[in-house]
Amino acid sequence: MRLLLVEDHVPLADELTASLTRQGYAVDWLADGRDAAYQGASEPYDLIILDLGLPGKPGLEVLQEWRSGGLATPVLVLTARGSWAERIEGLKAGADDYLTKPFHPEELTLRIQALLRRAHGLANQPQLEAAGLQLDESRQCVTSGGEAIDLTAAEFRLLRYFMLHPGQILSKSHLADHLYDGETERDSNVIEVHVNRLRGKLGRNVIETRRGQGYRFTGDQG
Amino acid sequence: MRSIQRRLGIGLAATLLLVGLALAQASLWVFDHGLRVYLEEGLRDEAHGLLAALVRGPSGLQLDERRLDPSFQRQFSGHYFRIDFADERTWRSRSLWDRELLKPDVMGMQAELGDGPQGQLLLIYRADYRRYGENLSISVAQDYQPILQSFRRMQWVGLGLGGAALLLILIAQRYTVRRALRPLEQVRQQIAQLQQGRRSDLDAEVPEELVPLVAQINHLLAHTEDTLKRSRNALGNLGHALKTPLAVLISLAGRDELAAHPALRASMREQLEQIEQRLSRELGRARLAGEVLPGARFDCAQELPGLFATLAMIHDRGLSLDWQAPPGLVLPRDREDLLELLGNLLDNACKWADQRVQLTVEESAEGYRLCVDDDGPGIDAERREAVLGRGTRLDEQVAGHGLGLGIVRDIIEAWQGHIALQDSPLGGLRVVVSLPRR
């Protein structure tokens, strides 16, 4: 999962980046509204966390610009302006959720997880479930047939992405785009290695290879 | 406060009445005086005539009947005389018949009217002469009653005419004043509409006398609105400046490094939470417009869909959210305040509701009634008082619950409204907010 964090307060951005990275998200950070308006629309993010009080261009304008340009990426608005009139304004501009500062990091985590599930048509699940697997996002482990299996950080990130896109064919470059932030060196062999390790832990059929196309997550049923 | 119209009417009526009565009475008096002076001439001539009719007869002085005016002979004709001689002899005119005409004490025209026969009132003139060596005094009288009667008639006619004129003038004045005051009446109506939230400023097309007033009111309105907007913006900036570092601190308090010092972490979190609550409450309270803006309006059909869409997004668990309001209902309250009030109440209801949350807005003669219903567990009747009491949190399990109710209370207090908790027909809690009209 690759997130864009748009926040001009550096200490908060540092905190959030660190915390989100620990949770297995690839995070790109921007502080200026104009940069965000461009990069948010051009890079394939899975979710955007947007502060409203930005230098360069107000967050609401950035959001409106994205939505009028057809960007469908879920946007979580993060703001100190918490009155209901402002929340409604944010929603009208195209926000998918609204979190007011100050907030607990756990609250943000839960909102991001819920928003991602909702964006992939898996609403109203306390845990990410797909094709017979249950992913515990806080403990970063997976349950298959009642058996808990520990995952490394890289395996967790890959499996979460697969589980949010069950049955879809995902190419290596697509996976690399969504699993690494803009600064990381991308090596498609690394993905191959992690896919093989997941197969080793969960069974060969969990992820099938489509030659020349990419991978397809089928889960236990596959 | 009496109206200008009534005050002008009463003032004019009183002045006209006073002047009219004084004028009528004075002209009557002048006429009466002139008439008496004129009649005095006639009486003097009659006295002279009587003197001339005194002739020396065989038995001393006697009146020559032929030279007397016939009206002195006719009974109670209204013309009378008496002649008093120095030796107490008295002659009276035949017209007096059996009545007496008293001899006046002084010479000349008498100031008082004397009593005559048959209720007549007499003008009496007395003149003293010396004839044929004898001192005599001739008193002549004329009935003044018919003239007094015609005076009285004239008074009545004058009173009637004057009254009619007064009525006519008052009606004409009322019409003129109403026409002249029409712009004021328009301004008054517009101010009433302003209070009800049906317009946001006064019409500037008014007579020049009212231009400064209307311009000043419009200026004040714009100024108040501008000030409110700026202060809200400044509060937003302040909140942003304080809450962002607070978010960092809260995040820092959750760091793994602090896991070894649970007491320290708990204490930090508690203090941060207190700051957060206090900050939110006070900033929220400072944002309230309350009764400042008379032009405030909240169009239900325009605002409620956005609010409910936001609620549905926040409480994304398949709740059925409904609102009902009479079509076209506009509440004369500040938009942001009312959104804050409803947002918090509905947010609470959504946290507790099983499946359904309903908002009903009603308008009555006394004001407006907002009902927020949910089908959740509700609150026991004996606990409701405590929940509404200051400083109590509605629930400790659901975050922000008490906080939301605090700002709700602030808003309702600023509007002099009333909040009550009841049983909901949906099975849960009903929060009823009554707002007075303005």
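The values are calculated or read from the model by the stated rules, or taken from the named source; none is laboratory data. No experiment lies behind these values; they were computed from the predicted model shown. Here the Cβ is made from the backbone with ideal geometry for all residues, glycine too, and neighbour counts use every protein chain on show.
Just a few scattered comments:
- Residue match in region A:123-130 (condition: within 14 Å of chain B (Cβ to nearest Cβ), in contact (Cβ under 8 Å) with a residue 12 or more places away in the chain and either of a type outside the set (Phe, Trp, Tyr) or within 14 Å of residue B:314 (Cβ to Cβ) (or both)): no
- Here residue B:239 fulfils each of the conditions (1) surrounded by 13 or more Cβ atoms within 10 Å (Cβ to Cβ); (2) modelled with pLDDT under 85 apart from (2).
- For residue A:113, the conditions (1) crowded, with 19+ Cβ neighbours inside 10 Å; (2) of a type in the set (S, T, N, Q); (3) within 12 Å of chain B (Cβ to nearest Cβ) are fulfilled apart from (3).
- All positions within region A:140-196 that are in contact with a strand residue (DSSP E or B) (Cβ under 6 Å, 6 or more places away or on another chain), crowded, with 16+ Cβ neighbours inside 10 Å and acidic (Asp, Glu): A:181
- Considering region A:78-110, the residues that are closer than 17 Å to residue A:41 by Cβ and without any contact (Cβ under 8 Å) to a residue 40 or more places away in the chain include one that is nearest to the other protein chains (Cβ to nearest Cβ), namely A:96.
- Counting only strands (runs of 3 or more DSSP E) wholly contained in region B:303-377, the ones carrying 3 or more residues that are of a type in the set (Val, Ile, Thr) occupy B:356-363.
- Residues of region B:272-320 that are within 12 Å of another protein chain (Cβ to nearest Cβ), of a type in the set (Asp, Glu) and under 50 Å from the mean Cα position of the chain (by Cα): B:303 alone.
- Tabulated pairs, region B:359-370, first touching a residue at least 24 places away in the same chain (Cβ under 8 Å) and under 19 Å from residue B:428 (Cα atoms), second basic (Lys, Arg) and part of a strand (DSSP E or B), C-beta under 8 angstrom, 6+ apart or interchain: B:360/B:369; B:361/B:369
- Residue, farthest from residue B:368 (Cα to Cα), within region B:407-424, restricted to residues that are more than 35 Å from the chain's Cα centre (by Cα) and surrounded by fewer than 20 Cβ atoms within 10 Å (Cβ to Cβ): B:423
- Segments classed as strands (runs of 3 or more DSSP E), wholly inside region B:89-182, with at least 1 members that are free of Cβ contacts under 8 Å to residues at least 40 places away in the same chain and closer than 29 Å to residue B:54 by Cα: B:90-92, B:121-131
- Filter result for residue B:354 (away from chain A (no Cβ under 12 Å), acidic (Asp, Glu), at negative phi and out of contact with any Ser or Thr (no Cβ under 7 Å at 6 or more places or on another chain)): yes
- Of the residues making up region B:321-341, those that are aliphatic (A, V, I, L, M) and more than 10 Å from every other protein chain (Cβ to nearest Cβ) number 5.
- Filter result (assigned to a loop (DSSP other than H, G, I, E, B) and either of a type in the set (S, T, N, Q) or modelled with pLDDT of 90 or more (or both)) within region A:73-92: A:73, A:74, A:83
- All positions within region B:242-270 that are modelled with pLDDT under 85 and of a type in the set (Lys, Arg): B:255
To keep it simple, each residue is scored yes or no on (1) buried (at least 16 other Cβ atoms within 10 Å of the Cβ); (2) touching a strand residue (DSSP E or B) at 6+ places or on another chain (Cβ under 7 Å); (3) without any contact (Cβ under 8 Å) to a residue 24 or more places away in the chain.
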residue	(1), (2), (3)
B:276	yes, no, no
B:286	no, no, no
B:299	no, yes, no
B:304	yes, yes, no
B:309	no, no, yes
B:327	no, no, no
